[in-house]
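This report concerns only the one structure given below.
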Amino acid sequence: MFSLNGQTVGFDTENNALVIIDQTRLPDEEVIFSLKTADEIVTAIKELKLRGAPCIGVSAAIAVAVLSNDSRADSFDSFFNEFNSNYDRLLSARPTAVNLYWALNEMKKVIVTCKGEPLDNIKKALNIKALEILNNDIATCKAIGKHGAELLSGVDAVLTHCNAGRLACVRYGTALSPVYVAKEQGKSIKVYADETRPLLQGARLTAYELTKAGIDTTVICDNMASYVMKQGLVGAVLVGADRIALNGDTANKIGTSGLAVLANYYKIPFYVCAPFSTVDFDCENGSKIPIEMRNETEISEMWYKSRMTPEKARALNPAFDVTDASLITAFITEKGILRPEQLKLCKDI
Ligand code: MRU
């Protein structure tokens, strides 16, 4: 029996499956299940059963390995055609998180490099790459946590938005990693978690994983951030990212840019914690980042016994917004702390 062993996603190589925790069932129950087909995997991503930019990327890499292992193709060309059609389907599942595109391209590079070898060797190489991407995510997030914990050495409490914790990655998370690493180092940082309308990733997921880890957690409604900042309750804001443009403009969960404006007003440092796989070096600035629009019913119906808004009222549901680079104090990455204007210097590293 495969065990996730504290990870959010895993690769069950014995049964050839992507294994995930169904995040739509949290915090009520921790349901773990296996996904084997492209349909199942794409649906799970669309329905946010698995979510968070790094987690989506890692899952896509495992998905490619799982689907390739099941391939009956008997020539490189048909194998590559199958891969390309899975690539397109997976990529279309969610448009904003660039980690999905990054991970699929990492897998594509493996196939292209192995051209000419027996298909079994290519499949083995894809399995190895998927596991490498999974393990690298753990190491990367831990490194983000170490840099962040050092930076936050004088901070007792932070505010975070959405869920950029272990549930959005494999372990540790990005924005919550400094909190976890600080705890490992014997220092406790209190976390204020925005509930994060409309899908409540903060209230359901961030609060779930932090309290499970014994971290002092307070959930606030999204419209309470200004109050919390004005009262001096937080020393920093930590958020994740779905796509960072070359100039430092950053797409993250809807509501993030408003927080950045508030933090700027109250002179509270605003940190974006993200791995380099979230930087889109081909994207010049935030206006070029595609923003996913989701169903209106997530606002009008999802959390209520009956429809909450009048039938004739429409609801606007962009899943992400873009924070101007000028509002970001620094990026906390696995390679260290960078100011927005330093990002472009890393393009060729
Ligand atoms: O729609 P979601 O829940 O996938 O949105 C997630 C976020 O916006 C996260 O902050 C982001 O992906 C970074 S996760 C480390």
V155 passes all but one of the listed conditions (1) away from the ligand (no atom under 16 Å from the Cβ); (2) touching a Gly at 6+ places or on another chain (Cβ under 6 Å); (3) open to solvent by 30 Å² or more (accessible area, probe 1.4 Å); the exception is number (3)
Matching option when the condition is closer than 23 Å to R25 by Cβ, within 16 Å of the ligand (Cβ to nearest atom) and either at pLDDT below 95 or within 21 Å of the chain's Cα centre (by Cα) (or both), among V239, V191: V191
Checked against (1) aliphatic (A, V, I, L, M); (2) within 16 Å of the ligand (Cβ to nearest atom); (3) in contact with a Phe, Trp or Tyr (Cβ under 9 Å, 6 or more places away or on another chain); (4) open to solvent by less than 40 Å² (accessible area, probe 1.4 Å), I299 satisfies every condition except (3)
Working only within segment 48-71, note down all residues that are near the ligand (Cβ under 9 Å from one of its atoms), in contact with a strand residue (DSSP E or B) (Cβ under 8 Å, 6 or more places away or on another chain) and not in a helix (DSSP H, G or I). L50
Which numbered condition N5 misses (of (1) modelled with pLDDT of 95 or more; (2) under 17 Å from V170 (Cα atoms)): (1)
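Conditions tested, residue by residue: (1) over 21 Å from L134 (Cβ atoms); (2) of a type in the set (F, W, Y).
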| site | (1), (2) |
| --- | --- |
| S3 | no, no |
| G6 | no, no |
| F33 | no, yes |
| K36 | no, no |
| V64 | no, no |
| E82 | yes, no |
| M107 | no, no |
| K115 | yes, no |
Does E82 count as open to solvent by 10 Å² or more (accessible area, probe 1.4 Å), touching a residue at least 12 places away in the same chain (Cβ under 8 Å) and either outside any helix (DSSP H, G or I) or over 28 Å from I254 (Cβ atoms) (or both)? yes
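Quick check, is A213 more than 17 Å from the chain's Cα centre (by Cα) and either surrounded by fewer than 17 Cβ atoms within 10 Å (Cβ to Cβ) or in contact (Cβ under 8 Å) with a residue 24 or more places away in the chain (or both)?
yes
The values are calculated or read from the model by the stated rules, or taken from the named source; none is laboratory data. The structure presented is a predicted model; accordingly, all values stated were derived computationally and were not measured. Heads up, the Cβs are rebuilt from the backbone with ideal geometry, glycines too, and the neighbour counts pull from every protein chain shown. Heavy atoms of the whole protein, side chains included, go into the accessibility calculation; ligands, DNA and RNA do not. Shrake-Rupley method; radii C 1.70, N 1.55, O 1.52, S 1.80 Å.
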